[in-house]
Amino acid sequence: MSISSYLAYLSFEKKGSPHTVKAYKTYLESFQDFLLLNQEGTLIENVSYSQIRLWIVRLVELGNSTRTVNTKISALRSYFTFLMRIQVISVSPLKEHKALKTASKVALPFSLEEIEAVLDTKIYSQDFKGRTQRTLIGLFYYTGIRRSELIELKRNNVNLSKGLMKVIGKRNKERILPLLPEIITVLKNYEQERNRIRSKEEEPSFFINEHGEKLTDSFVYQTVNDYFGRVSTKTKKSPHVLRHSFATHLLDQGADLNAIKDLLGHSSIAATQHYTHSSMEKIKEVYQKTHPREKKK
């Protein structure tokens with residue numbers, strides 16, 4: 001059974017993002033190469049757990065982090081689930097496998113000062129590329145959407161007169177997000193510039209490059225990384241950290257966790273609680289400074 005069949009299933013039936021499909025393709029082909037070179041060409045569908053363990057050991061020896069190893073194993077597990085679904089195998093060789101333990105790491109959100117600095121129009125070029133970069137960073141912070149959701153955002157799903165935007169999230173789940181007046185103005189200005197760009201096939205995506213084409217994952221990631229690199233010394237500078245910052249700043253201002261869950265498009269409150277760590281530190285600080293019993297010490 002070819003990996004391409006699984007990737008088609010992941011893309012069209014499971015509605016996996018292009019980023020996920022590309023990553024899983026890389027992981028599965030890497031495992032296939034490992035079997036070819038080290039396990040006498042064993043086919044993936046015939047692999048044993050002991051052979052997978054050797055691959056895991058090899059990944060660790062090559063310097064992969066525990067989190068990265070777990071991600072690659074997850075891709076392999078998903079493939080075996082697909083093989084069981086189409087009855088190529090009856091039992092997954094990863095059935096008894098337990099994920100490697102990882103240290104809990106919480107990415108530091110950007111500060112309000114860093115956000116203010118990166119939204120300053122003076123640091124962007126005044127051409128269409130610069131306007132696109134400024135607008136997408138603004139939309140990330142004002143709405144907390146995912147990178148894939150921004151890239152796949154369609155023109156007909158943005159209603160600036162009503163201040164609403166429809167986003168297609170994970171598993172093709174839709175949600176409607178409100179837009180604040182400031183970002184509406186930014187989006188209107190961008191849309192006017194966008195309408196001057198001729199696209200060969202009338203590209204339906206809201207965000208396009210100067211050639212009229214839909215933005216790529218790498219362009220969006222690099223935009224966030226580059227511009228926050230100018231205003232922040234934090235190690236991680238990515239669209240996900242910007243999404244984290246959106247949630248953290250809402251929590252800092254007293255927003256309800258359930259409301260943030262709906263804005264982020266999380267299926268459960270547990271996923272949203274991941275973002276409460278940095279806010280909890282601030283709450284503890286305020287608590288210790290203001291509680292009357294603490295002040296008596």
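See the values below:
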{"item": "Set of region 126-148 residues, backbone N closer than 19 Å to the point 7 Å along the Cα-Cβ line of Asp226", "result": "126-141, 147-148"}
{"item": "Relative frequency of Cα-Cα separations exceeding 14 Å in region 185-230, percent", "result": "56 percent"}
{"item": "Percent of Cα-Cα distances greater than 17 Å, calculated over region 3-85", "result": "45 percent"}
{"item": "Charge sum, other residues only, whose C-beta stays under 13 Å from Ala8's C-beta, Lys/Arg counted +1 and Asp/Glu -1", "result": "+2"}
{"item": "HN-Hα J in Hz across region 84-95 - Karplus 6.51, -1.76, 1.60, θ = phi - 60°, x for Gly and Pro", "result": "5, 4, 9, 6, 7, 10, 9, 9, 6, x, 9, 3"}
{"item": "Cα radius of gyration and Dmax for region 1-45 (Å)", "result": "11.6, 35"}
{"item": "The chain: translational diffusion in µm²/s, Stokes-Einstein, Kirkwood Rh over Cα pairs, 25 °C, 0.890 mPa s", "result": "112 µm²/s"}
{"item": "Helix axis angle, 18-38 relative to the chain longest principal axis, alpha carbon, degrees", "result": "30 degrees"}
{"item": "Long-range tail of P(r) for region 112-286 (Cα pairs > 24 Å, %)", "result": "37 percent"}
{"item": "Given Lys72/Lys234; Lys25/Lys173; Lys122/Lys170; Lys122/Lys173; Lys98/Lys166; Lys101/Lys154, the pairs whose alpha carbons are separated by over 30 Å", "result": "Lys122/Lys170; Lys122/Lys173; Lys98/Lys166; Lys101/Lys154"}
{"item": "Listed residue (Leu264, Thr135, Ser232) projecting farthest to the positive dipole end of region 112-286, Cβ model", "result": "Leu264"}
{"item": "Ordering of 43-50, 150-157 by burial proxy (mean other Cβ atoms within 10 Å per residue, highest first)", "result": "150-157, 43-50"}
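Rule-based calculations on the coordinates, nothing more; no lab input. From a predicted model like this one, the values you see are computed outputs, not experimental measurements. Glycine gets a Cβ as well: all are built from the backbone with ideal geometry, and neighbour counts include every protein chain shown.
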